[in-house]
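Encoded as structure tokens, the structure appears first; notes follow it.
The values are calculated or read from the model by the stated rules, or taken from the named source; none is laboratory data. The structure presented is a predicted model; accordingly, all values stated were derived computationally and were not measured. Here the Cβ is made from the backbone with ideal geometry for all residues, glycine too, and neighbour counts use every protein chain on show. Note: accessible area is taken over every heavy atom of the protein model, side chains too, but ligands, DNA and RNA are not part of it. Shrake-Rupley method; radii C 1.70, N 1.55, O 1.52, S 1.80 Å.
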Amino acid sequence: MKNIIFIILTLFLVTSCEKEIDLDLDDKSGNIVIEGNVTNQPGPYFVRITKSVAFTENNHYPAVSDAQVILSDNTGQTETLQYVGDGKYKTTAFTGVTGRTYTLTIQAEGKQYTAQSSMPEVVNFDGLTQDSFAFGEETTYTLLPVFTDPIALGNRYLFNFTVNNMTKKTFEVFSDNVNNGLVNQRPFFLPNEDDDDDPTSHKVVPGDTIYVEMQSIDHSIFTYYSALLQISGDGGAGVTPSNPPSNINNGALGYFSAHTTQKKSIVIQ
């Protein structure tokens, strides 16, 4: 019971400190959708460009294959990405480094789109601890990412996890508005039921392996994923959203993220 009360109190404190995000849910089918990532790990890095569909339709996005895609940083590094199919463009020699600001410039269908993202310093992902609580005969498992937030206020984190060999990713975003400079105390919940209408859903049980990625992200990406979670209502299983606030200009949907990445896994006991 103490664990249940602590978890509920922790979630209330964190969510109550976040500003409400106004979402524009107009049908923007036919718009350019950009998904770009640069990390502190060796490349290649990818930018995917597609066309949006109405958010009431199935998530099938037509690829844009004839764009010019340029990635650069504030030290003078620059590269034109090569198209490799399925709307994806990749780097060949570009290097992601923490502390740098990255700019993405895209020329597509007669319009230019630009975005910037700054890669934070690494915050060490020390491990995962498991807990659980029961309501009646049902057991819900939680995972606590173990890391110590830096003293400076303003750190933002994105966690995603998958279960076993399934492809569905679930997302959580954390800020340090409550836990600044301290060891993390906020867990996230693992799926506790199967959805007959969703073949990718899975109720977590002992013996399952959970694969977790921790990203240190900038504020614009935190805002983007916070809005995405509001839209989806299910942990953000669909990465390409309807239209949360993008850090890409000129009416494009999607995001451009320069972030650090670390991965851990744990077997549920």
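Once the other residues with Cβ under 12 Å from the Cβ of GLY99 are scored (Lys, Arg +1; Asp, Glu -1), what is the net sum? With Lys, Arg at +1 and Asp, Glu at -1, the net is -2. Here the Debye sum runs over all C-alpha atoms of region 31-119 as equal scatterers in vacuum, and log10 of I(q)/I(0) at q = 0.13, 0.16, 0.19, 0.26 Å⁻¹ comes out as -0.43, -0.63, -0.84, -1.33. The residues of region 83-190 present an accessible area of 47 Å² per residue when probed at 1.4 Å with all protein chains retained.
Ordering 254-261, 223-230 by mean Cβ neighbour count within 10 Å, with the highest value first, yields 254-261, 223-230.
I need the shape label for region 86-222. Rule: rounded when a/c is under 1.5, else prolate if a/b > b/c, else oblate, with a, b, c from the alpha carbon gyration tensor.
oblate
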